[in-house]
Amino acid sequence: VDIISAIEFNRTGDHLATGDRGGRVVLFERTDTQDHVGHRRDLEKMDYPINRHPLFRYKTEFQSHEPEFDYLKSLEIEEKINKIRWCQSAYGALSLLSTNDKTIKFWKVQEKQVKKVCDLNVDSTKAMGNDPIVGSSISTSSKQYKANGGCTSNDFSLLSGGLPSLRLPMVTTLETNLMARCRRIYSHAHDYHINSISNNSDGETFISADDLRINLWNLEISNQSFNIVDVKPANMEDLTEVITSAEFHPIHCNMLAYSSSKGSIRLIDMRQSALCDTHSKLFEEQEAPGSRSFFTDIIASISDIKFAKDGRHILSRDYLTLKLWDINMDSGPVATFQVHEYLRPKLCDLYENDSIFDKFECCLSGDGLRVATGSYSNLFRVFGCSEGSKEATTLEANKNPMRRQGLTASRPSRSLGSPSGVVRRGKGADNSAVDANGNTFDFTTKLLHLAWHPTENSIACAASNSLYMYYA
């Protein structure tokens, strides 16, 4: 239940959220930007070499989802967190959306001060005996106040044996706790499993997508949504593709993109019509003649898409490759990075053990110069995508991430417009678990989830129940 199933940085990169199969959300907070920023500036002025890698610490965690049972469909609903998306913060509170297969929840996490009233006038030793306490003293003084005709000179005179003087109670802060509150629940809007949620740049709306529909929500309204994409055919036997991922444009609030199991990406404009079944642009790569096989449609299915920070490019991940698309060029991808090309001869075995259906995520750096995605044996790969870049790095998610670098030869990355790939197929007949450089791979361990810091070259990735963070 503690295997990580979702990772997401917030917009500033100062907070990181992870979700797991047990329905929990864990928040981490960056600590090196607050305490030492002045000291860092002084060292920078002196050209003193300092370690600038970001430092994160555990902040809090809460139970987001619980297992449910749909009695109408006799279906168990897992508590596993499928996606986490940060929302705009207000009044010092952290806001985020989390979803499992059916239900989306809006959470607010903020500090609550635990306060106590102390320095009271009640004396516990006298309260146990027959001596008068504050209550009787005050009542006596009020009677005396009336007897004196409202004179204030003797307002708080006390009975014989009473307290020597009155003290004003003090309210003190004992501690500050982080409290997570579920503000809204968006449910009963999807017949199929939710695979994506994405916040709009307007800060007011978000989308949720399942296999056949995309719904548009207002953050303030939880009891209704608008269906903007519906690919469900009249006869389910005519179904040829499903929606696999969807994301809003990071700048233009009227644009969003969604991918399909046929390897296509559709860009839609919500200004054209209320129901966005017709796309404004279609991005797909044409098949080479004679290359079609039984596995063509399976490996072409896009498991994840991400917009670049400037909104100009879209990164997509299918089973074998990463593709970078320019939204102004729908003729084909501007760059293709071969991630699992060495697995092509063993697609039949991967189909038998269901590994071919693994859904790897992808991410881009904030400056748009690099892309990253996961692989087997808890490996992840980083490629340079700028013009003429030769960068291609393979790292392993453990305490010695460079362990495989000694075994792996330097590989050139495909630059924009270059026809060559990144990894060549290994020689020999039996390469089921061996890449082009002779390294063996474990298909039972896979790095599916990772996220790039929005402003720095820092990557957070999940290997089973462990969270690793790398800084370059």
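The values are calculated or read from the model by the stated rules, or taken from the named source; none is laboratory data. Because the structure is predicted, anything quoted here is derived from the model rather than measured. So basically every Cβ, Gly included, is an ideal-geometry build from the backbone, and we count neighbours across all protein chains shown. The protein model used for the area step is the full one, side chains on, heavy atoms only, and it has no ligands, DNA or RNA in it. Shrake-Rupley method; radii C 1.70, N 1.55, O 1.52, S 1.80 Å.
What whole number of Å gives the distance from the Cα centroid of region 234-313 to the Cα centroid of region 175-205?
24 Å
If you stretched the chain out fully between Glu204 and Leu75, how much longer would it get, using 0.36 nm times the residue separation minus the C-alpha to C-alpha distance?
43.2 nm
I'd like the Karplus ³J(HN,Hα) series for region 372-386: coefficients 6.51, -1.76, 1.60, θ = phi - 60°, whole numbers in Hz, and an x wherever there's a Gly or Pro.
These are the phi-based 3J(HN,Hα) values: 8, 7, x, 8, 7, 6, 6, 9, 9, 10, 10, 10, x, 10, 7 Hz.
Need one word for region 259-307: rounded, prolate or oblate. Basis is the Cα gyration tensor (sqrt eigenvalues a ≥ b ≥ c); a/c below 1.5 gives rounded, then a/b vs b/c decides.
prolate
Over region 232-358, what is the relative contact order in whole percent, taking alpha-carbon pairs under 8 Å and six or more residues apart?
Computed over region 232-358, the figure is 18 percent.
In µm²/s, what is D for region 166-304 at 4 °C and 1.567 mPa s, where D = kT/(6 pi eta Rh) by Stokes-Einstein and Rh is the Kirkwood radius from Cα pairs?
For the chosen part, D equals 73 µm²/s.
Tell me the net charge near Met329. Cut-off is 14 Å between Cβ atoms, Met329 excluded, with +1 for each Lys or Arg and -1 for each Asp or Glu.
My count for the surroundings of Met329 gives -1.
Measuring from label point to label point, each 7 Å out along Cα→Cβ, what is the Asn465 to Ala93 span in nm?
Once both label points are built, they end up 3.2 nm from each other.
Tabulate in residue order the Karplus-calculated ³J(HN,Hα) for region 177-194, using 6.51 cos²θ - 1.76 cosθ + 1.60 with θ = phi - 60°, rounded to whole Hz; enter x for Gly and Pro.
3J(HN,Hα) across region 177-194, in whole Hz: 10, 8, 10, 9, 10, 7, 7, 8, 10, 9, 9, 6, 10, 10, 7, 10, 5, 6.
With each pseudo-label sitting 7 Å past Cα toward Cβ, what's the Ser280-Lys390 distance in nm, one decimal?
4.0 nm
Please calculate the 1.4 Å probe accessible area of Ser196, with all protein chains present, and give it to the nearest 10 Å².
For Ser196, the solvent-accessible surface is approximately 10 Å².
Two decimals is fine: what is log10 I(q)/I(0) at q = 0.16, 0.29 Å⁻¹ for region 190-249, from a Debye sum with one equal scatterer on every Cα and no solvent?
-0.51, -1.26
Can you compute 3J(HN,Hα) from phi for each residue in region 8-19, using the Karplus curve 6.51 cos²θ - 1.76 cosθ + 1.60 with θ = phi - 60°, rounded to whole Hz and x for Gly and Pro?
Per-residue couplings from phi come out as 7, 7, 7, 4, 8, x, 7, 9, 10, 10, 10, x Hz.
How large is the accessible surface per residue of region 324-385, computed with a 1.4 Å probe and reported in Å² as a whole number?
Heavy-atom SASA per residue in region 324-385 reads 32 Å².
With a point put 7 Å past each Cα toward its Cβ, work out how far Glu68 is from Thr173 in nm, to one decimal.
In this crude spin-label approximation the distance works out to 3.7 nm.
Cβ neighbours within 10 Å, averaged per peptide: list 445-458, 62-75 in order, most packed at the top.
Final packing ranking: 445-458, 62-75.
For Tyr192 and Arg312, FRET efficiency with R0 = 45 Å and r from the beta-carbon atoms, rounded to 0.05?
E between Arg312 and Tyr192, to the nearest 0.05, is 0.90.
Any number yet on Rg/Rh for region 264-353, C-alpha, Kirkwood?
1.02
Which percent of Cα-Cα pairs in region 228-289 sits in each 5 Å bin, short to long?
Taking every Cα pair in region 228-289, the percentages come to 4, 16, 24, 25, 17, 9, 4, 1.
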